[in-house]
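Quick note: the coordinates plus some simple rules give every number you see, no bench work behind them. Predicted, not measured: the structure shown is a model, and the values here were computed from it. Cβ placement follows ideal geometry from the backbone for every residue including glycine, while neighbour counts extend to all protein chains displayed.
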Amino acid sequence: MRRPQGFTLLELLVALFVAAVIFAIGYAGLAQVAANRAQILQVQRNLGELQRVVRVLGNDLSQLDPRPIRDELGRSISPALSAAPGTPTPLAFTRSGRAGASAHARSSLQRIEYSLENGALVRMTWPALDRAQGTQATRRVLLRGVLTLQFRFLDGRGEWTDIWPQNQPTEGGAAGTLRSRPRAIEFTLESETQGVIRCLVEVPG
């Protein structure tokens, strides 16, 4: 009599074990590919956010306007560009080229302020230059995970300073100081994900 054809229990167990090993290796490989893809997407997202911040900052600083502003009570005048490192608002300035400005708009000028709040870089825009009491700024968080943000200014003598306006007298006296602008601005931004980024912006005029 002929023996029936088939697999023994031992052969089935061996086959199942081999299949389980292959499936485990394949699953681990797919999981690693998925993790690498997610990491690459996150790096690209972080880089895109940083590029956008550099573009916004560069665009703002390249359109500085020498227009000072009055405070809410109209008693004092703030310079067209004001920089005070170590304060809640390290940079405030007037810029031209306001987006959406038309013949019906009051002005193409805009007051911009940058601040660093709990690791978040915040850009604030004011609806009017000489704002009234109670006027609120539009706040926009540009980037999170910012460690430091520093500015330097190249004056007319070719020297760098981190404070603007300078204490030294300028042409036109006090009015000239309020309207003074640097020749160039350098900003250095350090983020948790991308490290240190340094950019130099030329100020026209």
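Can you find, among Ala80, Val33, Ala120, the residue farthest towards the positive end of the dipole of the chain? Put +1 on the C-beta of Lys and Arg, -1 on that of Asp and Glu.
Most positive-ward Cα: Val33.
With axes computed from alpha carbons, what is the tilt in degrees of helix 9-61 against the longest principal axis of the chain, rounded to the nearest 10 within 0 to 90?
The two axes meet at around 10 degrees.
Show that you can apply the helix-only estimate: for the chain, add -39,500 (n - 2.57) for every DSSP H stretch of four or more residues, divide by all residues, and state [θ] at 222 nm to the nearest 500.
On the way: 2 runs with 60 residues, N = 205.
Only helices count here, giving -10500 deg cm²/dmol.
Go ahead and run the numbers for FRET between Gln39 and Met124, Cβ-Cβ distance against an R0 of 35 Å, rounding to 0.05.
On the way: r = 33 Å, r/R0 = 0.96.
Once rounded, the FRET efficiency stands at 0.55.
If packing is taken as the average number of other Cβ atoms within 10 Å across a peptide's residues, how do 138-145, 185-192 rank, most packed first? Can you show the working numbers first?
Numbers: 138-145: 13.8, 185-192: 18.1.
Packing order, densest peptide first, comes out as 185-192, 138-145.
Considering amide H positions built from the backbone, and no H for Pro or chain starts, which residues 5 or more places from Ala184, or on another chain, come under 5 Å of its amide H?
It is Leu154, Val203, by chain and number.
Students often get this wrong, so try it: which of [x] 46, 39, 28; [y] 119, 41, 29; [z] 41, 41, 30 is Cα extents along the principal axes in Å as calculated from the structure shown?
[y]
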